[in-house]
Every structure is written in structure tokens, then in C-alpha cells.
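Working notes for the structure below.
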Amino acid sequence: MAYSDRVIDHYNNPRNVGTLDKTAQEVGTGLVGAPECGDVMRLQIRVNPETQVIEEAKFKTFGCGSAIASSSLATEWIKGRTVDDALAIKNTDIVKELSLPPVKIHCSVLAEDAIRAAIGDWKKKNGVGESAPAAAAAAH
Amino acid sequence: MSTVASTVEAPAGVRLPIYMDNHATSPIDPRVLEAMMPYFTTRFGNAASRNHSFGWEAEKAVENAREQIARLIGANAKEIIFTSGATESDNLAIKGIAEMYRERGNHIITQVTEHKAVLDTCKRLEKYGYRVTYLPVKADGLIDLDDLARAMDDKTILVTIMAANNEIGVLQPIREIGKLCHEKGVLFHTDAMQAVGKVRFNVIADNVDVASISGHKIYGPKGVGALYVRRRNPRVQIAAQIDGGGHERGMRSGTLNVPGIVGLGKACEIAAEEMDSEAAYLRGLRDRLKNKLESELDYVHVNGTMEHRLPGNLNMSFVYVEGESLLMGINDVAVSSGSACTSATLEPSYVLKALGLGDDVAHSSIRFGLGRFNTQAEVDYVGAKVVDIVKKLRELSPLYEMVKEGIDLTKIEWQAH
């Protein structure tokens with residue numbers, strides 16, 4: 001399978017690889033996928049409690065090159081956004097940016113899931129209610 | 001910023017990309033090509049043309065190839081039927097025997113790690129009222145002979161079990177399987193395409209009745225193969241699956257691929273002369289690669305028995321690293337992965353799963369297929385590169401981190417998607 005240049009770039013030089021302290025109050029962790037499916041993504045965010053801006057994002061991924069690239073791109077995109085803004089990222093945006101072929105669309109879905117899971121974890125930890133984003137999601 | 005891109009450089013004299021996928025196909029040996037060339041141009045005759053020298057010349061070349069193949073496997077030249085390759089040979093053997101022996105019985109025994117050419121042929125026969133038993137394999141990849149004995153009944157007409165597996169290279173105990181078949185009066189077919197020319201294979205000593213052979217696995221051309229069909233003790237009869245001019249004693253019609261057949265014959269002649277020394281050479285390279293990977297990486301293991309195995313095969317799982325991402329990192333090395341992501345079906349290798357490997361480990365496997373033209377310098381480069389990439393991908397792997405922290409991955413509730 002031929003990979004797009006963007007996928008190869010993220011694979012060769014993945015952005016924001018690493019681990020945040022998952023017990024920290026301002027850190028949200030999302031762990032999605034399953035080893036038997038061949039991909040697991042862990043995406044973590046550190047959120048400024050006052051501004052709700054994602055100041056730091058880290059990931060680690062077990063998966064194919066497209067899965068690594070999708071999660072790397074996700075961290076790049078959510079950094080500097082508010083959590084509500086980050087929730088607006090759709091898997092189709094990732095597909096487009098990385099030119100993923102149809103068989104790799106699940107990688108982008110997983111990356112979107114990882115963003116939602118990390119933000120969900122942070123919200124739960126910090127008692128932030130599901131308001132605007134949940135309504136927006138329901139409107140689709 | 002972290003990087004995965006490898007910093008391991010190929011030493012002078014190593015040409016990239018490196019081909020290490022010789023179970024998929026092999027390059028044509030220059031000696032084979034040289035033997036074939038005249039049969040494309042000046043000696044282009046149809047081997048079935050009986051009334052001029054062009055035909056006689058082609059026929060002579062075909063008969064010479066038949067001898068060369070027969071000699072390699074301990075057969076008589078009359079027992080060799082030419083086909084378009086091992087897939088056709090498997091189809092002809094299994095369907096041809098099933099049809100010919102239908103009145104004697106309708107039961108066929110095979111095993112789960114066969115090539116699809118055998119499995120899908122058997123599945124088709126099930127639709128036509130045949131009964132097929134798919135024997136399991138043990139964790140080492142080999143069948144249990146007691147399972148085979150138990151599976152046989154008075155309706156069993158054929159046992160078809162491969163000599164060497166194409167993914168994990170394990171050698172099934174064909175001599176014992178053949179013995180059991182002969183005791184019970186059941187025919188024994190073996191898909192020997194990966195074994196012939198690589199390890200000792202003798203149809204008499206190994207009690208084989210029918211065997212599939214391919215050209216392109218043994219440094220011969222693609223699109224040509226052969227089927228060994230025993231003529232004595234027992235005399236095997238096969239119903240033709242391709243009708244036409246009655247070539248190949250009526251078993252396989254169609255104008256013979258003379259240059260291809262000449263190439264297959266020459267490839268067999270070379271194999272007969274060089275197999276033993278080549279096997280020792282490949283075993284040395286293979287073990288060198290295995291030692292390198294095992295000594296520098298943790299959580300790696302070999303799939304299938306090392307004791308009964310093709311000398312050029314190494315199939316390893318690099319746990320917590322997904323196979324396709326590993327292939328991407330070693331993109332100047334041609335190898336295969338058992339990962340789902342490299343297949344159209346998104347299912348990991350059924351062969352590895354049959355050994356009892358979890359899907360997660362099957363996703364992490366790589367098949368190295370060493371061949372005649374690989375060098376020690378290539379092996380050293382590939383070993384260093386795989387070590388480099390696996391280490392970097394594990395830095396990226398949440399699973400590796402969790403395991404290192406002592407977390408039991410089986411206790412986590414994963415959300416399968």
C-alpha cells in the first residue's frame with residue numbers, strides 16, 4: 001500500500017509522543033482501541049482549568065502507520081484549542097488531511113474517539129458538565 | 001521531537017532494496033534463464049507437433065525437464081504432469097482424486113494451516129457433497145498423527161497435508177502421514193511447493209502418492225508447475241479438470257509452456273546439486289538473524305517449531321509493535337507481515353491464529369524468507385534495522401509502556417471496534 005507523504009511524515013517524525021501523569025487533576029486520558037484489533041491509542045491532554053485551553057497533548061499508539069499518523073495529527077490539532085473547540089474535530093478532517101484510503105478510515109475514527117475519551121475523562125475528573133458539545137453532537 | 005525514521009545505514013556493497021521474501025516468490029537463477037532463452041525464440045515449437053523438427057525439439061526439451069524434476073524427488077519421469085503452477089496442481093490433485101474415487105468414498109482430510117489453494121478447493125468440494133475434516137495443529141504448527149488416525153474412516157479417500165508451510169516454514173511429518181495413509185489404503189497428496197528443492201523430499205521414502213510443485217519458489221519461472229502422480233503401489237488415477245487436446249496423458253490439456261518447463265527442469269537440476277550446501281548456508285544466515293533479534297530485543301518469539309523447519313524461514317512476533325508499522329519502518333527490506341492491516345480482509349494470519357496466537361500477537365509478526373541470493377551483509381543490515389525500528393516503535397507503544405509498568409493487558413477492558 002502506498003502511503004501519502006503526510007502519513008509518512010507523521011510516521012517518521014511523530015509529534016507529541018509521550019506520557020502525562022494520568023493522576024494529575026488537570027490531565028485527561030483517553031485509551032481507545034484493542035490490541036486484538038491491531039490498534040490502541042492513548043491520548044492525553046493537560047487543560048488549563050481557567051481558560052479550558054488544551055496546553056499540552058501527548059500520545060502513544062500501537063497500530064499501523066496510518067493509526068500513528070492520525071493520533072500524531074490529532075495531538076497537533078488539539079493543542080492550543082479549548083476543549084469545546086477540540087471536540088469539533090471530526091474524523092473526516094483527519095481522513096482529508098492525511099489522504100487516508102477507505103481501509104484506513106477506522107484509524108481516523110479511533111483518533112476522534114481518543115480525543116473525545118481524553119476530554120471526557122478530564123471533564124469527569126473536574127466536574128465539567130456535557131453542555132454545548134453534547135448538543136452539537138446530537139444535532140448531526 | 002521523537003523520530004522513528006531509521007538511522008541505520010546500509011554498508012557499502014549492500015544494494016537496496018533487499019529482497020527477503022523468498023516464500024512469496026524467488027528471482028530466476030541466471031543459469032535457469034539461460035536454459036530457457038532459446039525456447040522463446042529459435043526453438044519455439046509446440047511439443048505436441050509430431051511431424052517436424054520444431055515439435056521434436058520442444059518435446060525433447062520437455063522430456064528432459066520431466067527427467068530433471070523426477071530425479072530431484074525420486075520419481076519416474078512418466079509420473080510428472082506439467083501445470084501452470086502449484087495452485088493448479090493442488091486443484092487438479094484434490095478435485096481430480098475426489099471425482100475419480102467418488103464411488104469409494106467422499107471423505108477428505110486436510111489441516112487448518114494449508115495454503116488457500118488447498119483449503120478453498122476443499123471448501124468447494126464440500127458444496128458438492130464431500131465431507132472434509134480440517135485437522136488442528138499444535139502450538140508448534142505440526143499436526144498430531146493420532147488426530148489423523150482418528151479422523152480416518154471407511155469413506156476416507158484422500159489425505160492432503162502440506163510438506164512445508166508457506167508462512168511459518170514448519171515441516172509436517174509427511175513420511176509418517178504417508179505411512180498411515182498407505183496402511184489404511186487412503187491416497188496421500190502433499191502440497192510440496194515450499195519444500196521441494198529446499199529440503200530432502202523423496203516420493204518413495206516419504207510415502208507420497210501425489211505432490212504439487214512450483215517453479216517460481218525454486219528460482220525458476222512463474223506460471224509453471226508440476227504434479228507428481230504415482231503410477232505404481234498404488235497407481236493413482238486423476239480425473240482431468242481441464243479438457244481439450246489430451247496433453248499430459250489426458251490429465252491436463254493445453255499446449256505446454258515449453259520455456260517455462262525447461263526453466264522448471266533446470267531449477268530442479270540445480271536444486272538437486274546444491275540443496276544440501278544451500279540449506280546449510282541459509283540455516284546459518286537464518287540463525288544469525290534470529291540470534292541478533294533475540295539478543296537485542298525483549299518480547300520477541302519465533303512462531304512454529306525451530307526443529308522441523310525450512311532452513312530459510314524465520315517467522316517472529318515483535319509483541320507490542322504492529323506489523324504494518326514495522327514494515328513501514330524497514331521499507332527498503334521486502335518481507336511479509338501476518339498483520340491484518342496488510343491484508344484485504346483486515347483479518348490477521350489464519351496460520352498464526354491456528355497456532356493459538358492471540359490476534360494481538362499475530363498482528364505483530366514478520367516473515368523473513370531467506371534465499372539463495374541473500375548475503376550475510378544483508379542479514380546484518382536487516383537485523384540492525386529491525387532492532388532499531390522495533391525499539392523506536394515501542395517507545396511509541398502504549399502497550400509496551402503498560403507492560404513495563406507491570407500492568408496486565410488481559411485485565412483491561414478494551415473497547416473493540
### Query
If you go through segment A:17-58 one residue at a time, how many are open to solvent by 10 Å² or more (accessible area, probe 1.4 Å), over 16 Å from B:Leu409 (Cβ atoms) and in contact with a Gly (Cβ under 7 Å, 6 or more places away or on another chain)?
2
### Message
Can you tell me which of (1) free of Cβ contacts under 8 Å to residues at least 60 places away in the same chain; (2) closer than 22 Å to B:Val4 by Cβ; (3) away from chain B (no Cβ under 14 Å) is the one A:Glu97 doesn't meet?
### Response
(1)
### Query
Which condition breaks for B:Ser2 when tested against (1) touching a strand residue (DSSP E or B) at 6+ places or on another chain (Cβ under 6 Å); (2) open to solvent by 80 Å² or more (accessible area, probe 1.4 Å)?
(2)
### Query
Taking segment B:257-284 as the region of interest, how many residues are small (Gly, Ala, Ser) and open to solvent by 10 Å² or more (accessible area, probe 1.4 Å)?
5
### Single match in B:Ala5, B:Ala24, B:Ala70 (criterion: outside any helix (DSSP H, G or I) and under 19 Å from B:Lys217 (Cβ atoms))
B:Ala24
### Task
Output the residue which, of all residues in segment B:362-417 that are outside any helix (DSSP H, G or I), of a type outside the set (A, V, I, L, M) and over 29 Å from the mean Cα position of the chain (by Cα), is farthest from the other protein chains (Cβ to nearest Cβ).
B:Gly406
### Query
So which residues in segment A:10-57 are at the interface with chain B (Cβ under 10 Å from one of its Cβ atoms) and either farther than 26 Å from A:Leu98 by Cα or without any contact (Cβ under 8 Å) to a residue 40 or more places away in the chain (or both), if there are any at all?
A:Asn12, A:Asn13, A:Ala34, A:Pro35, A:Glu36, A:Cys37, A:Gly38, A:Val40
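Against the condition among the aliphatic types (A, V, I, L, M), modelled with pLDDT of 95 or more, in contact with a His (Cβ under 8 Å, 6 or more places away or on another chain) and open to solvent by 10 Å² or more (accessible area, probe 1.4 Å), how does B:Leu158 come out, does it pass?
No.
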## Note on the structure
Across segment B:346-357, the tally of residues that are within 10 Å of another protein chain (Cβ to nearest Cβ) and either out of contact with any helix residue (DSSP H, G or I) (no Cβ under 6 Å at 6 or more places or on another chain) or crowded, with 21+ Cβ neighbours inside 10 Å (or both) stands at 1
### Task
Would you be able to tell me the number of residues in segment B:106-136 that are at negative phi, surrounded by fewer than 23 Cβ atoms within 10 Å (Cβ to Cβ) and assigned to a loop (DSSP other than H, G, I, E, B)?
6
### Task
Kindly indicate which of B:Asp287, B:Asp243 is out of contact with any Asp or Glu (no Cβ under 9 Å at 6 or more places or on another chain), in a helix (DSSP H, G or I) and surrounded by fewer than 24 Cβ atoms within 10 Å (Cβ to Cβ).
B:Asp287
### Message
Just to check your reading of the model, which residue among B:Val208, B:Val196, B:Val170 is crowded, with 23+ Cβ neighbours inside 10 Å and under 16 Å from B:Ile261 (Cβ atoms)?
### Response
B:Val196
### Query
Could you count how many residues in segment A:94-121 are open to solvent by 10 Å² or more (accessible area, probe 1.4 Å) and part of a helix (DSSP H, G or I)?
14
### Task
Filter segment B:34-61 down to residues that are assigned to a loop (DSSP other than H, G, I, E, B) and polar (S, T, N, Q) and give me whichever is most open to solvent (accessible area, probe 1.4 Å).
B:Asn51
### Task
Give segment B:288-343 a look and list any residue that's within 14 Å of chain A (Cβ to nearest Cβ) and touching a Lys or Arg at 6+ places or on another chain (Cβ under 9 Å), or say none.
B:Tyr299, B:Phe318, B:Tyr320, B:Val321, B:Gly329, B:Ile330, B:Asp332, B:Ser336, B:Ser337, B:Gly338, B:Cys341
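If only one of A:Ala114, A:Ala2 is within 22 Å of B:Ser364 (Cβ to Cβ) and more than 10 Å from chain B (Cβ to nearest Cβ), which one is it?
Checking each option against the conditions leaves just A:Ala114.
Give segment B:279-322 a look and list any residue that's among the hydroxyl-bearing types (Ser, Thr, Tyr) and touching a Leu at 6+ places or on another chain (Cβ under 6 Å), or say none.
Matches in segment B:279-322: B:Tyr320 only.
For B:Leu256, are the conditions met, namely being out of contact with any Lys or Arg (no Cβ under 9 Å at 6 or more places or on another chain), within 14 Å of another protein chain (Cβ to nearest Cβ) and touching a residue at least 60 places away in the same chain (Cβ under 8 Å)?
Answer is no for this residue.
The values are calculated or read from the model by the stated rules, or taken from the named source; none is laboratory data. These numbers were taken from a predicted model, which means no experiment stands behind them. Note that each Cβ is placed from the backbone with ideal geometry, even for glycine, and that neighbours are counted across all protein chains shown. Just the protein is used for accessible areas: all its heavy atoms, side chains included, with ligands, DNA and RNA removed. Shrake-Rupley method; radii C 1.70, N 1.55, O 1.52, S 1.80 Å.
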